[in-house]
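Each remark here refers to the structure printed beneath this line.
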Amino acid sequence: MMRFRFTQTAIDTAQARRELLDLGAGGYVSFEGWVRDHNEGREVTRLEYEAFQELAVKEGERIVADALRRFPVKHALCIHRIGLLGLSDMAVWVGVSSAHRGEAFDACRFIIDEVKHRVPIWKKEHYRSGDSGWVNCERCAAPPGHAHEHEHEHERHDEPAAGHS
Amino acid sequence: MQLKIQYYALMREQAGRSEETLETASATPADLYGELATRYRFTLTREQLKVAVNSEFSDWSRRLAAGDAVVFIPPVAGG
């Protein structure tokens, strides 16, 4: 089914969105994760993504299948980019189509949250100062209460105005 | 017994390689991690990792068999 996949080049959101089309869908919700210029007080200049692909695609497919079981949506797809990314590049795209908007938002949120926590993907931040570090791996000795959740995106939700949602 | 080990991210850099075939007496992934952590001075503790055998998540106490492919999985950071 390939409802979770990797790409080494820019994510083609127009093509991805077409895969969600369904006559019974009244709209779709998408999430884009972008490369941000800072994290935990440090200036980031680029990110490097790496994945254990054989297992990552299996785990990603399981997440999308979970979402389709939990929420009454039509279709869902997640595409994650790997390799070297610059600022504002899109690292991940999630799209969900459904008859009504509520479950599409819920399923989209579920998928991105689970992908961040479960799929074997790693990112290395390169800093303006010249050094670099693997996120969640090299500052694990951070003091208690220090957030381990490193968000790397700004949110954008799309939904056609003409939908019956 | 011979095992195939693949390394990713921080562990790939610390091991200085992305994979190797290893002759080992380690019977479980937990034993194997102990052996390799000593050899490569991995900074992550086993409690911070997950492990996969033959491209599926595995228990640390699973009995390894000759030819198994083992991957230690550092804390993930997708998205």
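The values are calculated or read from the model by the stated rules, or taken from the named source; none is laboratory data. On a predicted model such as this, the values are computed, not experimentally measured, just so you know. Ideal geometry is used to build each Cβ from the backbone, glycine not excepted, and the neighbour counts take in all protein chains shown. Each accessible area value is taken on the protein alone, full model and side chains, heavy atoms only, with ligands, DNA and RNA left out. Shrake-Rupley method; radii C 1.70, N 1.55, O 1.52, S 1.80 Å.
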| message | List pairs: first residue in segment A:7-28 and more than 20 Å from A:Gln53 (Cβ to Cβ), second residue part of a helix (DSSP H, G or I) anywhere in the structure, Cβ distance under 8 angstrom, at least six positions apart or on different chains. | response | A:Gly26/A:Arg101; A:Gly27/A:Arg101; A:Gly27/A:Ala104; A:Tyr28/A:Arg17; A:Tyr28/A:Ala104
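For A:Val94, indicate whether it is at pLDDT 95 or above, open to solvent by less than 30 Å² (accessible area, probe 1.4 Å), of a type outside the set (Gly, Ala, Ser) and in a helix (DSSP H, G or I).
Values: at pLDDT 95 or above: yes; open to solvent by less than 30 Å² (accessible area, probe 1.4 Å): yes; of a type outside the set (Gly, Ala, Ser): yes; in a helix (DSSP H, G or I): no.
When the stated conditions are applied, A:Val94 does not pass them.
Suppose we filter A:Glu103, A:Glu43 for residues that are away from chain B (no Cβ under 12 Å) and without any contact (Cβ under 8 Å) to a residue 40 or more places away in the chain; which single one remains?
Working: A:Glu43 fails: without any contact (Cβ under 8 Å) to a residue 40 or more places away in the chain.
Going through A:Glu103, A:Glu43 in turn, just one is away from chain B (no Cβ under 12 Å) and without any contact (Cβ under 8 Å) to a residue 40 or more places away in the chain: A:Glu103.
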| query | Got a number for residues in segment B:54-79 being more than 27 Å from A:Gly33 (Cβ to Cβ), touching a Leu at 6+ places or on another chain (Cβ under 9 Å) and at the interface with another protein chain (Cβ under 10 Å from one of its Cβ atoms)? | reply | 1
| said: Can you tell me how many residues within segment A:62-81 are open to solvent by 20 Å² or more (accessible area, probe 1.4 Å), part of a helix (DSSP H, G or I) and away from chain B (no Cβ under 13 Å)? | reply: 5
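Against the condition touching a strand residue (DSSP E or B) at 6+ places or on another chain (Cβ under 6 Å) and without any contact (Cβ under 8 Å) to a residue 40 or more places away in the chain, how does A:Val73 come out, does it pass? Talk me through it step by step, then tell me what you get.
On the way: touching a strand residue (DSSP E or B) at 6+ places or on another chain (Cβ under 6 Å): yes; without any contact (Cβ under 8 Å) to a residue 40 or more places away in the chain: yes.
So A:Val73 fits the description; yes.
Going by the conditions given, is B:Leu32 over 30 Å from A:Val35 (Cα atoms), open to solvent by less than 10 Å² (accessible area, probe 1.4 Å) and more than 14 Å from chain A (Cβ to nearest Cβ)? Explain how you work it out, then say what you get.
Values: over 30 Å from A:Val35 (Cα atoms): yes; open to solvent by less than 10 Å² (accessible area, probe 1.4 Å): yes; more than 14 Å from chain A (Cβ to nearest Cβ): yes.
For B:Leu32, the condition - over 30 Å from A:Val35 (Cα atoms), open to solvent by less than 10 Å² (accessible area, probe 1.4 Å) and more than 14 Å from chain A (Cβ to nearest Cβ) - is met.
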